[in-house]
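Chemist: My questions all concern the structure below.
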Amino acid sequence: MVNVILPELGEGITKATISYWFFKVGEKVKEKDDLVELTTDKATFNLPSPCSGVLSGITHSEGDSVEVGQVLALIDNT
Amino acid sequence: MDLKIIDLGLVDYLEAWDIQKDTLAKVINNDLDSALILCRHYPVVTLGRGASQESLRFGNEWIRARGVKLYNVERGGDATYHGPGQLTVYPLLNLGYFKKDIHWFLRELESLIISSLADLNLPVSRVEGFTGAWIGNKKIASIGIAIKHWVTYHGLSINIKKDDLANFGLIRPCGMDIKVTSLEEELGRQVSVEEARSSLLNKFSGRFGNN
């Protein structure tokens, strides 16, 4: 199981808002697929999937604010 | 770094959007270093991810009946209007070559607008917390970007012709009840899109063209 974590997005950026999930729980994802779109200031940022597998869980919904370093999703890569 | 300049002239939003996405894929795949798309759009309102129905002052059909197209797009920010009297610029840059910092890039875009318009003897500034370029409490340029694999797309627009400002009345620009202005209104003379284009292109090439 691989944790998808909100990475550093820049100096002083401590959080971002989830604006769109490209996949639903249970769906197959491939490495580098756009997994989730985040918004900060006047920018959106697509976070790619770190590996191929099945999206087995998401911890936050669209509209939620998340902090850098927080787990956003779990991918079953077994 | 090679900055490919793609000048589309007056173009439909969807056509430019497709070209943006094609160019984005090339930059992501390293088939192209970077690109700068410059264009003017036929009247269109775009709704960024921060927009809601409150962002529009009128219903969708009423807006479309005025000949203004309406699209939801994947950039950050709220509602904005684009028209033929604006210069719209889409930088497709791999921030991995510069700095992987979203807010830094937004401030860089503001700086490029500010220095470009300073060349035209127009003092504009940034307002903390309100991304864009301002003359007092009036907005002259808007910014809204998207980033994929640390490559930027979407971008900025500068209001040039004063007769193209009326359609901003269709929306609440950036979701707020703010005033917008144009280069012509502020300089009190006719300004060609070419003047602003030349200045902005010069600044962009200097900042992002040769790293």
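Chemist: Please list the non-local residues whose amide H lies under 5 Å from the amide H of residue A:5, H modeled 1.01 Å from N, same-chain partners needing a gap of 5 or more.
Modeler: The list, which skips near neighbours in sequence, is A:72.
Chemist: If we sort A:61-73, B:38-50 on the protection proxy, mean other Cβ atoms within 10 Å, highest first, what's the order? Please list the in-between numbers first.
Modeler: Values: A:61-73: 14.2, B:38-50: 22.2.
The densest-packed peptide leads the list: B:38-50, A:61-73.
Chemist: Obtain the nm distance between the two label points defined at residue A:62 and residue B:130 by a simple spin-label model: each point lies 7 Å from its Cα along the Cα-to-C-beta direction.
Modeler: 2.9
Chemist: Cα to Cα, under 17 Å, and not fewer than 8 places away if on the same chain: which lysines meet these conditions relative to residue B:203?
Modeler: Cα-Cα hits under 17 Å: B:4.
Chemist: Would you kindly derive the ³J(HN,Hα) couplings of segment B:94-105 from the backbone phi angles with the Karplus curve 6.51 cos²θ - 1.76 cosθ + 1.60 (θ = phi - 60°), listing them in order in whole Hz, with x for Gly and Pro?
Modeler: 8, 5, x, 7, 10, 7, 7, 8, 5, 5, 4, 5
Chemist: Next question. State the dimensionless ratio Rg/Rh of segment B:1-79 (Rg: radius of gyration of Cα atoms; Rh: Kirkwood radius).
Modeler: Values: Rg = 15.0 Å, Rh = 14.1 Å.
Reported Rg/Rh (Cα atoms, Kirkwood Rh): 1.06.
Chemist: Let me ask another. Using helices alone, what [θ] at 222 nm do you get for chain B, with -39,500 (n - 2.57) per DSSP H run of 4 or more residues, divided over all residues and rounded to the nearest 500?
Modeler: On the way: 5 runs with 61 residues, N = 211.
It lands at -9000 deg cm²/dmol.
Chemist: Once B and A are treated as a pair rather than alone, how much accessible area drops out, both sides summed, in Å² to 100, probe 1.4 Å?
Modeler: Working: alone 9490 and 4740 Å², together 12600 Å².
Protein heavy atoms only, the B-A interface buries about 1600 Å².
Chemist: Averaged over its residues, how many other protein chain Cβ atoms are within 10 Å of peptide A:32-42's Cβ atoms? List each step's numbers first, then the result.
Modeler: Values: counts 2, 0, 3, 0, 0, 6, 4, 8, 5, 13, 22.
Mean number of neighbouring Cβ atoms from other chains: 6.
Chemist: Based on a Kirkwood Rh over C-alpha pairs, give the Stokes-Einstein translational diffusion coefficient of segment B:165-211 at 20 °C and viscosity 1.002 mPa s in µm²/s. Can you show the working numbers first?
Modeler: Numbers: Rh = 13.2 Å.
Estimated diffusion coefficient is 163 µm²/s.
Chemist: Moving on. How shielded is A:46-55 by partner chains, expressed as the average number of their Cβ atoms within 10 Å of its Cβ atoms? Please report the intermediate quantities before stating the final value.
Modeler: Numbers: counts 7, 3, 3, 0, 0, 0, 0, 0, 0, 0.
Across A:46-55, the average partner-chain Cβ count within 10 Å equals 1.
Chemist: Using only alpha carbons, build the gyration tensor for segment B:37-171 and give me the equivalent ellipsoid semi-axes, biggest first, whole Å. Intermediate values should be presented prior to the final figure.
Modeler: Details: eigenvalues 117, 69, 35 Å².
Equivalent ellipsoid of segment B:37-171: 24, 19, 13 Å, largest first.
Chemist: Ranked highest first by average number of other Cβ atoms within 10 Å, how do B:132-142, A:29-39, B:153-163 line up? Mind dumping the intermediate values first?
Modeler: Values: B:132-142: 20.7, A:29-39: 18.6, B:153-163: 22.8.
The packing order, highest mean first, is B:153-163, B:132-142, A:29-39.
Chemist: Let me ask another. Report, in debye and to the nearest 20, how large the dipole of segment B:1-158 comes out about its Cα centre when Lys and Arg carry +1 and Asp and Glu carry -1 on their Cβ. Walk me through the numbers on the way to the answer.
Modeler: Working: 17 positive and 17 negative charges, 77 e Å.
Roughly 360 debye, rounded to the nearest 20.
Chemist: How long are the semi-axes of the equivalent ellipsoid of segment B:94-211, taking √(5λ) for every eigenvalue λ of the Cα gyration tensor, in whole Å from largest down? All intermediate terms of the calculation are to be shown ahead of the outcome.
Modeler: Numbers: eigenvalues 119, 63, 29 Å².
That gives 24, 18, 12 Å for the three semi-axes.
Chemist: Any chance you could list P(r) for chain A, counting all Cα-Cα pairs in 5 angstrom bins from zero, rounded to whole %?
Modeler: Per 5 Å bin, starting at 0, the Cα pair percentages come out as 3, 17, 30, 25, 16, 6, 2, 0.
Chemist: Right, next: Please count, across segment B:43-184, the pairs of lysine residues with Cα atoms under 14 Å apart that sit 8 or more places apart or on different chains.
Modeler: Numbers: B:100/B:148; B:138/B:162; B:138/B:179; B:139/B:161; B:139/B:162; B:139/B:179; B:162/B:179.
Number of lysine pairs found: 7.
Chemist: When the convex hull of the C-alpha atoms of the protein assembly as shown is computed, what volume per residue in Å³ does it have?
Modeler: Working: hull volume 36.2 nm³, N = 289.
Hull volume over Cα atoms, normalised by residue count, gives 125 Å³.
Chemist: Quick one: net charge of residue B:195's neighbours, Cβ under 12 Å, K/R +1, D/E -1? Intermediate values should be presented prior to the final figure.
Modeler: Working: positive: B:161, B:189, B:197; negative: B:119, B:184, B:194.
Summing Lys/Arg as +1 and Asp/Glu as -1 gives 0.
Chemist: Also, I was wondering about something else. Taking K and R as +1 and D and E as -1, what net charge do the other residues with C-beta under 12 Å from the C-beta of residue A:12 add up to?
Modeler: Numbers: positive: A:15, B:107; negative: A:8, A:11, A:41, B:101.
Computed value for this residue: -2.
Chemist: Given N residues in segment B:54-108, what is its alpha carbon radius of gyration divided by 2.2 N^0.38 Å?
Modeler: On the way: Rg = 15.5 Å, N = 55, 2.2 N^0.38 = 10.1 Å.
The reported ratio for this selection is 1.54.
The values are calculated or read from the model by the stated rules, or taken from the named source; none is laboratory data. None of these values were measured; they are calculated from a predicted model. So basically every Cβ, Gly included, is an ideal-geometry build from the backbone, and we count neighbours across all protein chains shown. The protein model used for the area step is the full one, side chains on, heavy atoms only, and it has no ligands, DNA or RNA in it. Shrake-Rupley method; radii C 1.70, N 1.55, O 1.52, S 1.80 Å.
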